[in-house]
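Down below is the structure, laid out as structure tokens.
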Amino acid sequence: MASGAPPIILIDGRSGAGKTTIGRELAAREGATLLSLDDVYPGWDGLEAAEHHVLVHVLRPFAVGAPARYRRWDWARASPADWGDIDGDRPLVIEGCGAIGPEARRLAARAIWVELDDVERRRRAIDRDGDVFAAQWERWARQEEWHARRHRPRELAGETVSGSSGR
């Protein structure tokens, strides 16, 4: 990171583990901007594309003090939406499956893996997102598994926390 650049904190884990709750609490406590990868994934097959997009358009520029922005995804229309700007004067918290990869980790001050058992994760995710996610669960889980095998985010994270308390 560039000297003087605000810190970057990455939060990764599987669907329903508690990443968003932890990300919101951490961003509020740190006075940070929060970027949720749910706003970036370009559809149900977009985990890898979002990971790359955030690396190129957010993490690399932010880490050197350059303007950072990201393309939102309109889930209702299944198409790209507007661009969002990242406040370069505040710390940045990025949460979502795909947040921690080798290069992203090198650019971040902290990386947190959120762990929760599979049964509870699925229950939470379906309670949160309903039948839409239930129909896509296996499709999305395959991408999460690919991400875990390829990038080993749990091992790259400096911290592992339990999502069981939601904190």
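The values are calculated or read from the model by the stated rules, or taken from the named source; none is laboratory data. It should be emphasised that the depicted structure is a prediction, and the values quoted were computed from it without experimental measurement. Cβ sites come from the backbone with ideal geometry, for glycine too, and all protein chains shown count toward neighbours.
Condition first: modelled with pLDDT of 95 or more, over 23 Å from W83 (Cβ atoms), crowded, with 20+ Cβ neighbours inside 10 Å and over 9 Å from the mean Cα position of the chain (by Cα). Can you find one or more residues in the range 21-32 that meet it? Within the range 21-32 (the criterion being modelled with pLDDT of 95 or more, over 23 Å from W83 (Cβ atoms), crowded, with 20+ Cβ neighbours inside 10 Å and over 9 Å from the mean Cα position of the chain (by Cα)), the answer is yes, since at least one residue qualifies. Evaluated against (1) touching a residue at least 40 places away in the same chain (Cβ under 8 Å); (2) assigned to a loop (DSSP other than H, G, I, E, B), G43 falls short on exactly one condition, (1). Does the range 5-23 include one or more residues that are out of contact with any Pro (no Cβ under 9 Å at 6 or more places or on another chain) and over 24 Å from L116 (Cβ atoms)? Yes, there is a match, as at least one residue in the range 5-23 is out of contact with any Pro (no Cβ under 9 Å at 6 or more places or on another chain) and over 24 Å from L116 (Cβ atoms). Among the numbered criteria (1) among the small types (G, A, S); (2) closer than 23 Å to Y70 by Cα; (3) under 16 Å from the mean Cα position of the chain (by Cα), which single criterion is violated by G88? Among (1) among the small types (G, A, S); (2) closer than 23 Å to Y70 by Cα; (3) under 16 Å from the mean Cα position of the chain (by Cα), G88 violates only (3). Quick one: in the range 8-20, which of the residues that are in a strand (DSSP E or B) and more than 9 Å from the chain's Cα centre (by Cα) is surrounded by the fewest Cβ atoms within 10 Å (Cβ to Cβ)? Taking the candidates together, the pick is I9. Restricting A5, A81 to residues that are of a type in the set (A, V, I, L, M), at pLDDT below 95 and more than 14 Å from the chain's Cα centre (by Cα) narrows the list to A5. When the range 92-126 is filtered for residues that are without any contact (Cβ under 8 Å) to a residue 60 or more places away in the chain, hydrophobic (A, V, I, L, M, F, W, C) and in contact with a His (Cβ under 7 Å, 6 or more places away or on another chain), nothing remains. Within the range 61-90, residues that are within 19 Å of A109 (Cα to Cα) have Cβ atoms under 6 Å from residues that are assigned to a loop (DSSP other than H, G, I, E, B) and not small (G, A, S) in these pairs: A63/M1; R90/P6, counting only partners at least 6 apart in sequence or on another chain. Answer yes if at least one residue in the range 74-96 is part of a loop (DSSP other than H, G, I, E, B), within 19 Å of W44 (Cα to Cα) and among the aromatic types (F, W, Y), and no otherwise. Yes - at least one qualifying residue is present in the range 74-96.
Determine whether A99 is of a type in the set (G, A, S), assigned to a helix (DSSP H, G or I), crowded, with 20+ Cβ neighbours inside 10 Å and within 15 Å of the chain's Cα centre (by Cα). So A99 fails the test.
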